[in-house]
Structures are given as C-alpha cells and as structure tokens.
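Participant: The structure is given below, and queries will be raised subsequently.
The values are calculated or read from the model by the stated rules, or taken from the named source; none is laboratory data. All of these numbers come straight from a predicted model, not from anything done at the bench. Cβ sites come from the backbone with ideal geometry, for glycine too, and all protein chains shown count toward neighbours. Only protein heavy atoms, including side chains, enter the accessible area calculation; ligands, DNA and RNA are left aside. Shrake-Rupley method; radii C 1.70, N 1.55, O 1.52, S 1.80 Å.
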Amino acid sequence: MRRAYFNNNWVAALMVAPQLIIIFVFFYWPTSQAVYWAFTLEQPWGGGNTWVGFDNFRAVLGDPVYWQSVRVSIIFALSSTAIAMAMALVLAVFADRQLTGFKAYRIGMIWPYAVAAPAVGLAFRFVFNPNAGLFSYINSVVPDLWNPTLNGNQALLMVIIAGAWKLVSYNFIFFLAALQSIPRSLLEASAMDGARVLRRMRDVQLPLMAPTFFFILVINITDSFTDSFGIVDTLTNGGPARATDLMVYKIYSDGFRGFDYSGAATQSIILMLLVIALTFVQFRYVERRVHYT
Amino acid sequence: MIERTPALNIATHAILLFGLLLLLIPMWIIFVAATHDLQTVNTAPIEFLPGDQLLVNIAEAWARSDFATKFLNTFIVAFGVVLGKITLAAMTAFGIVFFNHRLRMPIFWLVFITLMLPLEVRIVPTYAVAANALTPFQTILDVTGISWLIQQVSGVEVALEWNLLNSYTGLILPLVATATGTFLYRQFFLTIPDELVEAAKMDGAGPLRFLWQILIPLSRTNIAALATIMFVYSWNQYLWPLLVITDRANYGMVVVELSNLIPDAITTGGGVPTWHLAMAANLLVMIPPILVVIFMQRWFVRGLINTDK
Amino acid sequence: MAKISIRDVRKSYGKDQVVHGVNLEIANGEFIVILGPSGCGKSTLLRMIAGLESITAGQIAIADTVVNDLEPRERGCAMVFQNYALYPHMTVAENIGYALKVAGVAKKERLARVANVASSVGLGDYLDRRPGQLSGGQRQRVAMARAIIREPRVFLFDEPLSNLDAKLRVQMRHEIRRIHNRIAATSVFVTHDQQEGMTLADRLVVMNKGVIEQVGTPSEIYDHPASTYVGGFIGSPAMNFLSGQVDRGTSSVKLASGDRIAIAPAVAGRHHGRLVQIGVRPEAMMMVPAGEGTLDARFEFVEELGAGRLYHLMFEDLTLAVLAGDRQTLTPGTPVGLHIPAAAVHLFDADTGKRVEAVSLAIVEQVPA
C-alpha cells in the first residue's frame, strides 16, 4: 500500500473540513431531520413536535393512495429499465463492430443524455399530445384512441417511454465502453477457434461485460426511483387520477403542496431505505462478481 | 476486422440506424414544431417538415420568459457548482490519500455514504435547511446548553440564521454536497507513485505546494471529465431550483422555466396552446449541455464511467 | 500439414503500404521463422495468412487452395497470440476445448481430447483453474494446447515468447520445437529475437520495412548475409562494418585511413573502384601485436562474457569488436593490431547495402594469407 505520506495532519484537516461541513449541513443533518419528522408530528398551532412513534409510518403504509404510487413506481422502474437495457445492449454490441460511421453513431447515441429530465418531459408531452403531436395522426384515424390525459395506462406508458429514452443513452455509453475494453485479440482468437459473429457475442462479449450489465441494471432501477421527478412534473403532474404518481413525485406534492411535512418525511425515509437496500444489493452482489481481467 | 461480409454489415447499419432514428425522432418533431407558427403547430395532423418561424419563435420565447436573465443565472450556478466540486473534491481526496491518520477511513465512509441518497430523496428536510442553513449549528448549541450559557453570561440570545433561499449559494451548495468527484480524484491519486511524493519532499515541497504544483497539473484530464459532467448535471437541475427559488424574475433557472411554458389552461389563459413557443424554448434550453457533451465527448464519457463505477 | 504459397502479397492501410510484394514458398511440415524488428511487417504477414487481416494485393494459398477470401476458421490454421488471448471467464479445460465446442464435438469426446492435449503440455492438473490463476509460462502452454487440439494444418505463432523471462523462453523454445516435430504441422513463427530465430528455424526469413531481405537456413544466413542489414541483424555480438573502395592493383579494399584489407584478387579485379562496406564478424578477427596486423587500433574496454571476452577497439572514429578466448589485461589507449583474414571479409555495395558477391570468397578463390 501507499507508504509515502505528508506529516502535517492539520493540513489534512483543513483540506477535508470544507467538504465535511457541507455534507454535514446539507446531507447528514437533513437526513436526521427527516428521521425526526417521520417519528413526530408537528403541533397544529406550533410549539414543537410530539413524538408519535410509528404512527406516521402506519398512516402512510395503510394509505391505499401510497400503495398506488408504490405500484406505479415499480412498474415504471422495471419497464423503463427493461426497455432501456435491451435497446442499449443491442445498439452497443453492433456499434462495437466499428464499421464506417462509428463516430457518428456513437455521438448520435450519446447526446440524449445531456437533455434535462423536464426537457424530455416537455418534448414528449408535445409528441404524445392527442391534438397537436405525432399521435394526432392516430387520433385522426381512430378518434380518441390515444388520450393520455384521460387514460391512466397510456399516461404511464408515456412516462415509461420518456424515462427509457434518456436511460438508453446512459446505458449505451457504459455498454460500449465495456465492450471496447475487451481485448481485440480475444475476439480474434475465438474467430480462429471457429466462432462466428453471434457465437462470439454469446461466448465472449456478453460474459465479459456481465459486471457492467449488472451494475447498469441496479443503477437503472435506483435512478428510476429518483430521477423521474422532472419527467413526471412536466409530462403528467402525477395524473390522471394518480396513474403516474411516482413515489418521489408524491413526496413533493405532499410536502410542498400539501404541507404534510411529517407524511412527506415518512415517505422519504421509506424511499431512502429502498434506495439504500438497492445500493447494498449492488455492492454485495455486483461488486462480488469476479472481475476476470 | 474479421467477417466484413456485406450481409452482416448491412444488418449492422440497419440496426444502428433504426436505433438512432428512434432516439432522434422525438427531437426532430420538437425541432419541426419550433419552426412553425401557432396555427400550424396546433393543426392535426402535424407537419413533418420544418417551417420558417424558428428564429421568430425563439425570439418570442426568449423575451416572454426573460431567458436572458435565466441563462445568465444558470451559467453562474453551473460554473459555481463546477468550480466548487472540482476544488472541494480535490481537497478532500488529497486529505484522505496523502496523509496517514486514523480518521482517514471514517471520513472516506462518511463521504461515500452520501453517494447512496440523491437529492430527490431528501428534498423536504434539505429545503428546511436551506431556509436556515445554520439550523444544525443552532440546534447543536441549543442541545448542548451553550446558547443558554451565552445568554446567561452576556444577555445575547443566540439565534443563528442564514437564509439560503432565493440565492446563488442556496442553489450551488447542496449540489456540491455529494461524493461524486471525490472518488474520481481518489482513484487517480492512488495511482500516483510514492516516488513522486518522496522526490517532492526531498525537494523541500510541503503538502500544499505538492497539491498545487504537482497533483493538480497531473489531474488535468480528470478535472476536465469532472467539469463536463458537473456542468451538464447542474444545468439540468430541476427539482432543487424549483423549491429554492420563488423569486423567478431574478433567480430563475432555465430548465425550471420550462414548466412554466407548458401549454395548459393556466399558461395560455385558456387560449390555443403555444406549443411552438414551448418547443422553441425547449430547444434553447437543451443546447448548451448538448454542445458540451458533443465537443467534450471523450471527457464526458470518461467522467461518467469513472465516477459511477 | 500443408504447404503455403505467398505470391506477390501487398498490404496497405489506406495510403500506407506496409508490406511490399512478398514472395515465399513454405514447404510441407517446415518450421519457418519470420525475423525482423518491430514494424517490419512480419506480424501483418502472419495475420494475413491467418485471415485476420485482408490481403490488399497478391495471393496466399494453403495446400494449393487460394485462401484470400476465406474466413479464418475455414483456413485450417491455429494461432498462438503474443498475449495468449485466453478467455478469462473460462477454465483451462473450457479454453482448450472451445474450438471443439464450436465445431459441435460431443461432450464426452471433447473432454477426452482436452485431457489428452492438456497432459501432453503438462497442464493435466490445472484443468479447473482460470487463466488469472496461472503463471505466464502456464498461460503460454494453455494457448498452445488450444491451438494443438484443433490438429491444424498450419501453426501460426505471433511472438509468443516475448512476454516470458529469459530462462522460461529458452525452455519454451524447445517445447515448441518438440510439439512441432510431434504433430508434423507446418509452422510459421514470428519473432524479433534473432537468437530465437536461429535456434528454431528450418529456414529463416529476414524481413525489413515490408520486404524480405533474405531467405535461407540459419547457417546460410549467418555465413552469407545478403545485405548489410541481414549481416548486422543476425549474429551476436554484431558484425563490424568498415567503408572503403576496391583497388585491383593491391587486391584489397582501401579504407579512408589508408589501411588496406586484403581480398581475393579475382574479386578485386571484377569490382575495381567500387565503393563498398566491409563486414567482419567479431569472432573472425584476431588481435595481434601492434603493427603486425591488417590495421592498428586502440584498446578501449573489454566486456567479460564468461565463455570469452569482447574487446572494444577504437579505429579512427569507429568501435570495432573482437571476440577472443584468451584473457589479456590491457590499459585503455594501448595500440593493438587487428588481423582480418580475407576469408572472413563480407563485401557489400556501399549504396544498396547488397552483397557484392553471391558466394563466400573463401570457397571460390584462393586467398593469400
């Protein structure tokens, strides 16, 4: 391990202090506050909070509206992840062949990641608009077939597609990098062993990028619980009738529109635990996988 | 490479083109919508070819939403975050890699844990902190009885307050409070050979000089990578500015402004949806980060991969 | 085994031509070593035979079938890569058996053949390990086993020993030759190490800058280098070179210093006036007392080789190296005489670097002492 150090530890203290202070103020303190609020209830007339134990949790977990948002969040997470990963994988594998136009294809696949979530939401709001966008075509053929402002499932579909659109780009970047880090001589060796293109993909490329694959899987799912706010806020505002009321959106609307701080804090805690669990899974499961090279 | 059979090449191009089209079609539709006038954009079915109103629409959207101020604000915040992140992360990584003290590991973990919970999950309490950034310190003083003591002794009531709402600081600081860049730097610093440190010591350089004159120049590519992703990240911030800024006229951010342009009953006063303006604005807002990603592609990709792994 | 015909093969990357019109006939069962420095085109040539690089112009035929348009797997070649290219996620057994798996060989037979080949290279106990758990030499042997099991017509080696330490290299060299003899395949071995080439080859192909400089058995190439390049590249310690002009009258080559180096009269007669480069191997020269030899030089320093000594002498502004078995103690600056027998002189044209006479002088002419 490292042997050479500097000896003035007070310099070290000075160096780490700013970041530590900031994360204390803006991360650890708020997190502990959230825990505090989740276990207390604010007095209606001010004057501090009273301890209510797990009451808030019982209220939240017994609320069917909450479970609706959980259900919606899970559907969203799984669907957008599945679509985004499948598409990105196929595109990355074929882009890796590095035919002419490689650079153009690559930049073409990467830039969507630079688009902000609300911009994506707004864009798709137009595209999917029953009156003015692309789907006006469909509606002119079969009237009222597509109307996400009324049809909850269609609204959720819109959100899923918007979410997947942005994710494909992110996944593509990682998949392509993983594929390109496989030494060319391995592919040449398997070609000499008689394997054709698809066989090589199956036997050499995919197994060697498995670590990245699982990493992306977890990141996609985790991000879809948290990154989706921008999309929902501009695309559907959680509607219609809570069909797209993702957990993170509900926290926002309960806390900042409904002023139910305790409820919002409780939901935040639950979401935090979920995200922590997923990250934990990633570290134990994914990082444990043998890194072969 | 091997197997450049025409059939396979055609299939490859076909698949890639198809994927590319799927990704690009929504954007093409946006672009086309931004080039037509109010009437055309609302007539079903939509046009697939661009019109000629692009500049007109952009000008109007710019004026209506006062994009001049907002672009400026967003640039300021973005640069603030980039600068803050680059500096702080470097300093912290330096402090935990090049010094040997018992707190190294605990500090590492403290910083590491912040990776697990992105801002969206803790918005409510973080907002409360922004309202009064000194609350934690106030609470500590209260709980430990020090503020009571001070009050007794000097008659001064300790009421610390620092309101970060509606300010650049409030926008920048919470975005800097994660571990992203620290690990990038740490990974890189760990690859610096011991001999370099020893040579510097023999040349009489102290830690700060070493950091500034040797480490930082060596970290140039990492800095570029980090700067790129942080720029895009902070430009695209939505939820946090939405909460923290109520004074839109002065401190509004560009991306947040988009939510104001959604053509619904509220923004158009019940009139015809102004999609052409909304899309033009959308284009404007999308451009800076896209440009950054395209021109700094290599750094951006490198930054993403190194920070997230 | 199969014979390989390489006819007028060229390779260009865009406008960059790296292999210029190479012609080579490799006989059935031969062990050919292609020798040359980095960038000379030897690996490119090998990869063209394998099918990993396309052939820009010319033809390559294996066993009389033109293979230009055939995929690697259709050519019957097996290749051992420089960095072994083992599949890191597969066990040794799976690595070795991969080609059989792709070919659809039944599991039972496949496992039997893998076990067989593995034990023949001494890997019988390592079948369940992963490449990451093996040493360099073991990985090399897995790479070879993977090639052997396919029972190919042609064995291709792309500098397979360059990543091993010196002792292991020598060991593996012999392994490779043994396997070649046992399997009776045609082998094409690429390396930049001239010692390796000399030890392993039935015939040696010396390449430089995309062209073949000389083809021959190791002793032919050593005794009759076709150019200054080959002369200087083959043989260690390296050949000494002096510039001069042929003089018929004195039957010698006159150096700029005025000294004369004797050569056969008939040769001098044929090439009177020509500007030449003389090549003499260190072991062919002798040190004599100053004034008694062909020329005088000054002693600089000596390299102790154990089996002999390499004396470095300054002549004009050149350093000449002499290999001698005796152990003399000399102080730097001492004048020393050098005796250069005419039989040891290789004559090369000063402009083209090509050998002036096709045959060794000692055989053809009577040489005055």
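Participant: Every residue in region A:108-124 that is over 15 Å from B:TYR233 (Cα atoms) and buried (at least 24 other Cβ atoms within 10 Å of the Cβ), please.
Facilitator: The answer is A:MET109, A:GLY121, A:LEU122, A:ALA123, A:PHE124.
Participant: Looking only at region C:47-56, filter to residues that are within 12 Å of chain A (Cβ to nearest Cβ) and within 23 Å of C:ILE148 (Cβ to Cβ); which one of those is surrounded by the fewest Cβ atoms within 10 Å (Cβ to Cβ)?
Facilitator: Within region C:47-56, the first condition is being within 12 Å of chain A (Cβ to nearest Cβ), and the residues that meet it are C:47, C:49-53.
From what is left, the residues that are within 23 Å of C:ILE148 (Cβ to Cβ) are C:47, C:49-52.
Values: C:ARG47: 19, C:ILE49: 24, C:ALA50: 23, C:GLY51: 25, C:LEU52: 24.
Here the residue is C:ARG47.
Participant: Ok, one more. Specify the residue that is most open to solvent (accessible area, probe 1.4 Å); the eligible residues are those in region C:184-227 that are free of Cβ contacts under 8 Å to residues at least 60 places away in the same chain and of a type in the set (A, V, I, L, M).
Facilitator: C:MET198
Participant: For region C:256-291, name all the residues that are open to solvent by less than 10 Å² (accessible area, probe 1.4 Å), assigned to a strand (DSSP E or B) and in contact with an Asp or Glu (Cβ under 9 Å, 6 or more places away or on another chain).
Facilitator: Matches in region C:256-291: C:VAL276 only.
Participant: Here is a follow-up. Out of B:ILE223, B:ILE216, which single residue is in contact (Cβ under 8 Å) with a residue 12 or more places away in the chain, under 25 Å from the mean Cα position of the chain (by Cα) and closer than 25 Å to A:PHE26 by Cβ? Lay out the reasoning, then the answer.
Facilitator: Values: B:ILE216 fails: closer than 25 Å to A:PHE26 by Cβ.
It is B:ILE223.
Participant: Where residues in region B:170-199 are among the β-branched types (Val, Ile, Thr) and at pLDDT 80 or above, which of them is surrounded by the fewest Cβ atoms within 10 Å (Cβ to Cβ)? Steps first, answer last, please.
Facilitator: Narrowing region B:170-199 to residues among the β-branched types (Val, Ile, Thr): B:172, B:176, B:178, B:180, B:182, B:191-192, B:197.
The next check asks that each one be at pLDDT 80 or above; those that pass are B:172, B:176, B:182, B:191-192, B:197.
Working: B:ILE172: 22, B:VAL176: 25, B:THR182: 30, B:THR191: 7, B:ILE192: 18, B:VAL197: 21.
So the residue we want is B:THR191.
Participant: How many of the residues in region A:244-253 are surrounded by 20 or more Cβ atoms within 10 Å (Cβ to Cβ) and more than 9 Å from chain B (Cβ to nearest Cβ)?
Facilitator: Pass one, region A:244-253, residues surrounded by 20 or more Cβ atoms within 10 Å (Cβ to Cβ): A:244-252.
Applying the additional criterion that residues be more than 9 Å from chain B (Cβ to nearest Cβ) yields A:244-247, A:249-250.
Selection size over region A:244-253: 6.
Participant: Of the numbered conditions (1) modelled with pLDDT of 80 or more; (2) under 36 Å from the mean Cα position of the chain (by Cα); (3) open to solvent by 30 Å² or more (accessible area, probe 1.4 Å), B:GLY51 satisfies every one except a single condition; which is it?
Facilitator: The one condition B:GLY51 does not meet is (1).
Participant: Can I ask one more? Go through (1) out of contact with any Asp or Glu (no Cβ under 7 Å at 6 or more places or on another chain); (2) under 30 Å from C:LEU295 (Cβ atoms); (3) touching a residue at least 40 places away in the same chain (Cβ under 8 Å); (4) surrounded by fewer than 16 Cβ atoms within 10 Å (Cβ to Cβ) one by one and return the number of the condition C:MET239 breaks.
Facilitator: With respect to (1) out of contact with any Asp or Glu (no Cβ under 7 Å at 6 or more places or on another chain); (2) under 30 Å from C:LEU295 (Cβ atoms); (3) touching a residue at least 40 places away in the same chain (Cβ under 8 Å); (4) surrounded by fewer than 16 Cβ atoms within 10 Å (Cβ to Cβ), C:MET239 is out only on (4).
Conditions (1) open to solvent by 10 Å² or more (accessible area, probe 1.4 Å); (2) of a type in the set (S, T, N, Q); (3) more than 8 Å from chain A (Cβ to nearest Cβ), marked per residue:
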| site | (1), (2), (3) |
| --- | --- |
| B:THR69 | yes, yes, yes |
| B:LEU88 | yes, no, no |
| B:ALA93 | no, no, yes |
| B:VAL97 | no, no, no |
| B:ILE107 | yes, no, no |
| B:VAL111 | no, no, no |
| B:ARG122 | no, no, no |
| B:VAL129 | no, no, no |
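Participant: Only residues in region A:133-158 that are among the hydroxyl-bearing types (Ser, Thr, Tyr) count as the first member; pair them with residues that are surrounded by 14 or more Cβ atoms within 10 Å (Cβ to Cβ) and modelled with pLDDT under 70, Cβ under 7 angstrom, at least 6 apart or cross-chain, and list the lot.
Facilitator: So the pair list comes out as A:SER136/B:ALA44; A:SER136/B:PRO45; A:SER136/B:ILE46; A:TYR137/B:PRO45; A:SER140/B:ALA44; A:SER140/B:PRO45.
Yes/no matrix, rows are residues, columns are (1) open to solvent by less than 10 Å² (accessible area, probe 1.4 Å); (2) modelled with pLDDT of 75 or more:
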residue: B:GLN237; (1), (2): no, yes
residue: B:ARG248; (1), (2): no, no
residue: B:GLY269; (1), (2): no, no
residue: B:TRP275; (1), (2): yes, yes
residue: B:VAL285; (1), (2): yes, yes
residue: B:VAL292; (1), (2): no, yes
residue: B:GLN297; (1), (2): no, yes
residue: B:PHE300; (1), (2): yes, yes
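Participant: Just for helices (runs of 4 or more DSSP H) wholly inside region A:6-99: which have at least 1 residues that are buried (at least 21 other Cβ atoms within 10 Å of the Cβ) and touching a residue at least 12 places away in the same chain (Cβ under 8 Å)? Can you show your working first?
Facilitator: On the way: elements: A:9-23, A:29-38, A:55-61, A:64-95.
Result: A:29-38, A:55-61, A:64-95.
Participant: So, in region C:240-255, how many residues would count as being over 31 Å from the mean Cα position of the chain (by Cα) and either modelled with pLDDT of 90 or more or in a loop (DSSP other than H, G, I, E, B) (or both)?
Facilitator: Total meeting the criteria: 4.
Participant: Another one. Hey, among the residues in region A:213-227 that are over 15 Å from A:GLY163 (Cβ atoms) and modelled with pLDDT under 85, which one's nearest to the other protein chains (Cβ to nearest Cβ)?
Facilitator: A:PHE215
Participant: On to the next question. Is region B:200-214 home to any residue that is of a type in the set (D, E, K, R) and closer than 28 Å to B:ALA281 by Cβ? Can you show your working first?
Facilitator: Step one: of region B:200-214, the residues of a type in the set (D, E, K, R) are B:201, B:203, B:209.
With closer than 28 Å to B:ALA281 by Cβ added as a condition, the list becomes none.
Within region B:200-214 (the criterion being of a type in the set (D, E, K, R) and closer than 28 Å to B:ALA281 by Cβ), the answer is no, since none of the residues qualifies.
Participant: Follow-up. So in region C:101-128, with the set limited to residues that are basic (Lys, Arg) and without any contact (Cβ under 8 Å) to a residue 12 or more places away in the chain, which one is surrounded by the fewest Cβ atoms within 10 Å (Cβ to Cβ)?
Facilitator: From region C:101-128, those basic (Lys, Arg) are C:101, C:107-108, C:110, C:113; that's our starting set.
Checking which are without any contact (Cβ under 8 Å) to a residue 12 or more places away in the chain leaves us with C:101, C:107-108.
Values: C:LYS101: 18, C:LYS107: 10, C:LYS108: 8.
Going through the qualifying residues, I end up with C:LYS108.
Participant: Among the residues that make up region C:167-176, is at least one of them under 19 Å from C:ARG73 (Cβ atoms) and open to solvent by 10 Å² or more (accessible area, probe 1.4 Å)?
Facilitator: no
Participant: Please find, among C:ALA118, C:ALA143, C:ALA85, the residue that is modelled with pLDDT of 90 or more, in contact with a strand residue (DSSP E or B) (Cβ under 9 Å, 6 or more places away or on another chain) and not basic (Lys, Arg). Even if it seems obvious, please write down each step before you answer.
Facilitator: On the way: C:ALA118 fails: in contact with a strand residue (DSSP E or B) (Cβ under 9 Å, 6 or more places away or on another chain); C:ALA85 fails: modelled with pLDDT of 90 or more.
Exactly one residue qualifies, and that residue is C:ALA143.
Participant: Hey, any hits in region B:220-235 for a residue that's closer than 23 Å to B:LEU117 by Cβ, open to solvent by 30 Å² or more (accessible area, probe 1.4 Å), assigned to a helix (DSSP H, G or I) and of a type in the set (S, T, N, Q)?
Facilitator: no
Participant: With respect to the numbered conditions (1) under 28 Å from C:SER251 (Cα atoms); (2) buried (at least 18 other Cβ atoms within 10 Å of the Cβ); (3) touching a Leu at 6+ places or on another chain (Cβ under 8 Å), which one is the sole condition not fulfilled by C:HIS346?
Facilitator: (3)
Participant: Give me the residue from region C:130-152 that is of a type in the set (Lys, Arg) and within 13 Å of another protein chain (Cβ to nearest Cβ) and, out of that set, least open to solvent (accessible area, probe 1.4 Å).
Facilitator: Here is the first cut: in region C:130-152, the ones of a type in the set (Lys, Arg) are C:130, C:139, C:141, C:146, C:150.
Among the residues that remain, those that are also within 13 Å of another protein chain (Cβ to nearest Cβ) are: C:130, C:139, C:146, C:150.
Details: C:ARG130: 87, C:ARG139: 84, C:ARG146: 9, C:ARG150: 55 Å².
Filtering first and then ranking leaves C:ARG146.
Participant: Would you please name the residue that is farthest from C:ALA115 (Cα to Cα), looking only at residues in region C:57-100 that are open to solvent by 20 Å² or more (accessible area, probe 1.4 Å) and in a helix (DSSP H, G or I)?
Facilitator: So the residue we want is C:GLU74.
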